[in-house]
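Participant: The structure is given below, and queries will be raised subsequently.
The values are calculated or read from the model by the stated rules, or taken from the named source; none is laboratory data. Being a predicted model, the structure only gives us computed values, none of them experimental. Cβ placement follows ideal geometry from the backbone for every residue including glycine, while neighbour counts extend to all protein chains displayed.
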Amino acid sequence: MRICLWLASLAVASSSWAAEANLAGLWKNTAVSISQSTILISQEGPFLHVAGYGVWADGGPGVWHGKGKIEGARVKLPMTYTTLPKPGFDPKVELDLQISSDAKSLEGTWKNSLGRKGKVKFVKVAAEATPQVLNAAEKPAAEGPATKE
């Protein structure tokens, strides 16, 4: 009985951290055959908006976007390519990704409507250090440049 309660509390805790996972930011695709492959995730609670870019071997640049949702410890993300990297490339792809316990990697599978599928892994890119400015004129305004009325 204790083991069942412990396992149940572990399941609740693991789904809780996933629902609270901060996935917002820049992510790099680790695929060897796609260079410069990144996604940018914007997150509002469990809802994700994603835009991506990559350059395919024997192809060219591809651009895509999608809206997905965190479901437990997974991300379900249907995507649409707006710039196809190769002729005959299927513009509809779905990702099913497992969120790592530290929320620094997303690993799982992709599949398209043509029946093709494969493995995919993204790693979160660490934020750069805050830029240092030498004088006040170099600092950006809070919401953009000041305008004269």
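Participant: Taking only region 72-99 into account, find how many residues are in contact with a strand residue (DSSP E or B) (Cβ under 7 Å, 6 or more places away or on another chain) and either among the small types (Gly, Ala, Ser) or assigned to a loop (DSSP other than H, G, I, E, B) (or both).
Facilitator: Here the count works out to 7.
Participant: Next question. Among the candidates 123, 75, single out the residue that is within 19 Å of residue 21 (Cβ to Cβ) and touching a residue at least 60 places away in the same chain (Cβ under 8 Å).
Facilitator: Sole residue among the options that is within 19 Å of residue 21 (Cβ to Cβ) and touching a residue at least 60 places away in the same chain (Cβ under 8 Å): 123.
Participant: Continuing with this model, one more query. Out of the residues in region 73-116 meeting the condition of being among the small types (Gly, Ala, Ser) and either at pLDDT 95 or above or in contact with a helix residue (DSSP H, G or I) (Cβ under 8 Å, 6 or more places away or on another chain) (or both), tell me which one is nearest to residue 33 (Cα to Cα).
Facilitator: 108
Participant: Let me ask something additional. Just to check your reading of the model, which residue among 134, 84 is aliphatic (A, V, I, L, M), surrounded by fewer than 14 Cβ atoms within 10 Å (Cβ to Cβ) and over 21 Å from residue 28 (Cβ atoms)?
Facilitator: The unique qualifying residue is 134.
Participant: Another question, if that's okay. Give region 51-76 a look and list any residue that's in contact with a Lys or Arg (Cβ under 8 Å, 6 or more places away or on another chain) and closer than 15 Å to residue 121 by Cα, or say none.
Facilitator: If the condition is that a residue be in contact with a Lys or Arg (Cβ under 8 Å, 6 or more places away or on another chain) and closer than 15 Å to residue 121 by Cα, then 75, 76 are the ones that fit.
Participant: Looking at 69, 121, which is the one that is surrounded by 14 or more Cβ atoms within 10 Å (Cβ to Cβ) and assigned to a strand (DSSP E or B)?
Facilitator: Matching residue, one of 69, 121: 121.
Participant: Exactly one of these conditions fails for residue 93: (1) surrounded by 17 or more Cβ atoms within 10 Å (Cβ to Cβ); (2) in contact with a Leu (Cβ under 7 Å, 6 or more places away or on another chain). Give me its number.
Facilitator: It is condition (2) that residue 93 fails.
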